[in-house]
1. Just the number: Rg to Rh for the chain, Cα atoms, Kirkwood Rh, two decimals.
2. Using +1 at the C-beta of Lys and Arg and -1 at the C-beta of Asp and Glu, which of 326, 41, 113 has the Cα lying farthest in the positive direction of the dipole of the chain?
3. Under unit Cβ charges (Lys, Arg +1; Asp, Glu -1), what dipole magnitude, rounded to 20 debye, does the chain have relative to its Cα centre?
4. Only loop residues by DSSP count here, and only those with at most 15 other Cβ atoms within 10 Å; note down the trypsin sites (Lys or Arg not before Pro) in the range 52-152 that meet that.
5. Test of the criteria: in the range 273-323, which trypsin sites (Lys or Arg not before Pro) are in a DSSP loop and have at most 15 other Cβ atoms within 10 angstrom of their Cβ?
6. Could you tell me how many degrees, from 0 to 90 and to the nearest 10, lie between the Cα long axis of helix 165-177 and the main elongation axis, the longest principal axis, of the Cα atoms of the chain?
7. Charges at C-beta only: +1 for Lys and Arg, -1 for Asp and Glu. How large is the resulting dipole of the range 104-149 about its Cα centre, in Debye rounded to 20?
8. Can you pull the one-decimal nm distance between simple spin-label points at residue 290 and residue 306, each 7 Å off the Cα toward Cβ?
Amino acid sequence: MTAPKDTAMDPLIRLDHVHVRHRARSGGLFRRDAVHALTDATLEVRRGEILGLVGESGCGKSTLARVVTGLQRPTEGRVRFRGEDLWGMTAADRRERFGQAVGVVFQDPSTALNPRLSVRQILRDPLDVHRRGTRAERESRVEELLDLVGLPGHTLEALPGQLSGGQRQRVAIARALALEPELIVADEPTSALDVSVRAQVLNLLVDLRARLGLGMVFISHDVQTVRYLADRIAVLYLGRVVEEGGAARVTGAPRHPYTEALLSATPSLLERPERIVLHGPVPSATNPPSGCPFRTRCWKADDACATVFPAATEGVDGHRWHCVHPQPGDGAAPEPSPAGAAAVTTTTG
Ligand SMILES: Nc1ncnc2c1ncn2[C@@H]1O[C@H](COP(=O)(O)OP(=O)(O)OP(=O)(O)O)[C@@H](O)[C@H]1O
């Protein structure tokens, strides 16, 4: 007897050594430069778990989201959905089985929702496309979805333009839930919203995870938001996962200097005597630095960092980091930057 493909032990989604390379947008006629959007990413999301992805702009967060949602085929590596090779499935299977199991919430609900459709039509559309139940059952599911995201019944007849930003994002979340997905990928879902409504939308996501047992990939450049929401955090830098682990451990005892720098930019999180300021943008993904990609901005970097990307060091409870000069990990202040290390300065505050 062959083993069942899906067991409760399999993660919902697992990426094994995934690379994504794009052709550079501005390369000239004869240039074939590759953009290393994602390099050797190995990650998983389990049922009912929120994985937070954090990193600066251009680090590969959206690329990773596109891989997880099946919109981007990896250049190398494997994506498994409940143990099954996603890109080994037929296109029809990928669309039907996988497509329905994953819901996506984008950053800006104003552009994600069709402005000419009422909320009722927006929510009914995926149910119609996938022929879910009878017409009456679909209508009742639409009302249930509206209720699930805490919107009043009269919102059903409104157009997106007649709603507030927070209400529109609730509609987008309801639409993502329409087909009862097991996994939600939320790509910066609150960054286009007024600060006053961000917490409400985050609380809604936390509440939905608890009520529906959803797995979630939550993407943000803001480590504080990710820390609030996620069970586990993966820190991305220039297409590489540089640190990963339980949210409390990664934010309370970070080992990678980049994680430390991200955290120190939100001083309310950690009582640290020094603040690390990273200068300059993330280097080009077309020509990433050799060895550790963070070394050009790291105050600890030396020759050892320029040769190979460091193998993972394993801590407790799945905490992993890729650094040859890790932080002490006990919440102590980071080593001050040596004189002349121009990439990073520390300021008191
Ligand atoms: N289709 C594409 N063609 C060429 N380069 C791309 C493409 N998509 C992304 N990139 C590049 O890949 C790298 C990672 O991009 P990605 O959008 O995944 O980063 P991100 O962390 O989501 O950034 P942001 O927070 O700004 O959205 C960047 O250098 C980006 O310019």
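Since every read-out is calculated from the coordinates, none of them should be taken as a lab result. Being a predicted model, the structure only gives us computed values, none of them experimental. Quick reminder, even Gly has a Cβ in these numbers, built from the backbone with ideal geometry, and neighbours come from all protein chains shown.
1. Using Cα coordinates only, the ratio equals 1.00.
2. 113
3. 920 debye
4. Answer by residue number: 116, 131.
5. Sites meeting the loop and neighbour criteria: none at all.
6. 80 degrees
7. I would put it at about 220 debye.
8. A separation of 0.8 nm, rounded to one decimal place.
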